[in-house]
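To start, the structure itself, in structure tokens.
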Amino acid sequence: KNEVEQSPQNLTAQEGEFITINCSYSVGISALHWLQQHPGGGIVSLFMLSSGKKKHGRLIATINIQEKHSSLHITASHPRDSAVYICAVEGSGGGADGLTFGKGTHLIIQP
Amino acid sequence: ETGVTQTPRHLVMGMTNKKSLKCEQHLGHNAMYWYKQSAKKPLELMFVYNFKEQTENNSVPSRFSPECPNSSHLFLHLHTLQPEDSALYLCASSQDIIGVRNEQFFGPGTRLTVL
């Protein structure tokens with residue numbers, strides 16, 4: 001069973017700061033997902049990646065398959081970025097095995 | 001309506017009740033999932049359906065019974081639950097279960113309280 005660890009668990013930063021959230025996993029994967037969960041429960045998929053780097057607006061996700069590590073970066077952070085950010089991995093069986101999730105990083109951006 | 005919808009959004013039930021959670025996706029996807037999110041714990045996969053066939057049952061107790069009558073609808077039937085089953089139950093769908101087609105789209109969840 002894959003173990004997914006996220007750090008930090010909690011992060012408070014000032015508006016405009018550059019944010020980095022880390023995710024490491026223990027067993028080889030077919031893909032890694034970054035998800036955003038707002039208060040109230042709704043979850044949005046931010047990225048799905050299996051190699052390299054992806055960018056969407058102010059969000060950047062990177063993955064290093066050899067090191068079993070991924071990072072999510074937020075540039076020019078804004079209070080509306082406040083949410084829980086969750087890393088999840090797919091095993092070698094792909095979606096048939098579902099996703100294994102980290103505990104999430106609770107991010108608060110103060111104005 | 002678009003995306004993934006779940007009903008009810010909130011549910012309170014006694015341990016002897018029988019209730020059902022409903023999930024519907026309007027995205028034309030072929031795979032659907034049930035996840036459980038308990039307080040202070042990571043999301044846990046419960047069930048995976050692909051083309052209406054169950055591909056994964058993640059050691060879920062039999063008091064949770066899924067049903068997938070077609071690719072657009074997924075139900076979770078609840079029977080004689082325990083207070084520790086109180087959680088947020090999330091449904092998700094994806095186009096497929098392979099590669100980039102496995103990007104998952106989540107519903108808003110049902111907040112379940114078992115008394």
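Would you mind working out the magnitude of the charge dipole of chain B relative to its Cα centre, with +1 at each Lys and Arg C-beta and -1 at each Asp and Glu C-beta, to the nearest 20 Debye? Don't jump to the answer; show the numbers that get you there.
Numbers: 11 positive and 10 negative charges, 79 e Å.
That gives a dipole near 380 debye.
When the label point is put 7 Å from the Cα of A:Ser26 along its Cα-to-beta-carbon vector, which residues of segment A:3-19 have a backbone N closer than 19 Å?
Only A:3-7, A:9 pass the distance filter.
What is the sum of charges, Lys and Arg at +1 and Asp and Glu at -1, for the other residues whose Cβ falls under 15 Å from the Cβ of B:Thr16? Show your work: numbers first, answer last.
Details: positive: B:Lys18, B:Lys19, B:Arg63; negative: B:Asp85.
Summing Lys and Arg as +1 and Asp and Glu as -1 gives +2.
Please work out the Cα center distance from segment B:1-48 to segment B:65-111, rounded to the nearest Å.
Spelled out, the Cα-based centre of one part sits 4 Å from the other.
Averaged over B:48-57, how many beta carbons belonging to a partner chain fall within 10 Å of each residue's beta carbon?
Details: counts 5, 0, 2, 0, 0, 0, 0, 5, 5, 0.
Taking the mean over all residues of the peptide, I get 2.
Per residue of B:89-95, how many C-beta atoms from partner chains lie within 10 Å of its own C-beta, taken as a mean? Working shown, then result.
Numbers: counts 1, 4, 0, 5, 0, 4, 1.
Partner-chain Cβ atoms within 10 Å, mean over residues of B:89-95: 2.
Have a look at B:Leu81, B:Pro69, B:Gly109 and report the one farthest towards the positive end of the charge dipole of chain B, computed about the Cα centre with Cβ charges (Lys/Arg +1, Asp/Glu -1).
The one lying farthest along the dipole's positive direction is B:Leu81.
Restricting attention to segment A:1-99, which trypsin sites (Lys or Arg not before Pro) occupy a DSSP loop and are surrounded by at most 14 other Cβ atoms within 10 Å?
Details: sites: A:Lys1, A:Lys53, A:Lys54, A:Lys55, A:Arg58, A:Lys68, A:Arg80; in loops: A:Lys1, A:Arg58, A:Lys68.
Answer in residue order: A:Lys1, A:Arg58.
Short version: what are the Cα gyration tensor semi-axes of chain B, square root of 5 times each eigenvalue, largest first, in whole Å? Intermediate values should be presented prior to the final figure.
On the way: eigenvalues 107, 38, 35 Å².
Semi-axes from the Cα gyration tensor: 23, 14, 13 Å.
Mind giving me the nanometre distance, one decimal, between the label points for B:Thr16 and A:Ser82, set 7 Å out from Cα along Cα→Cβ?
4.5 nm
Rounded to the nearest 20 debye, what is the charge dipole size of the protein assembly as shown about its Cα centre when +1 sits on each Lys and Arg Cβ and -1 on each Asp and Glu Cβ? Intermediate values should be presented prior to the final figure.
On the way: 19 positive and 18 negative charges, 61 e Å.
Charge dipole of the protein assembly as shown: 300 debye, to the nearest 20.
Among the Cys residues of chain B, which have no other cysteine Cβ under 4.7 angstrom away?
Among the cysteines of chain B, those whose Cβ sits 4.7 Å or more from every other are B:Cys68.
Using a 7 Å offset from the Cα along the Cα-to-Cβ direction at both A:Lys55 and B:Glu67, what is the distance between the two label points in nm, to one decimal?
Output for this residue pair reads 5.0 nm.
All of the numbers you see were taken from the coordinates with simple rules; none came from a lab. These numbers come from a predicted model, not from an experiment. When we count neighbours, we look across all protein chains shown, and the Cβ atoms used for this are built from the backbone with ideal geometry, even at glycine.
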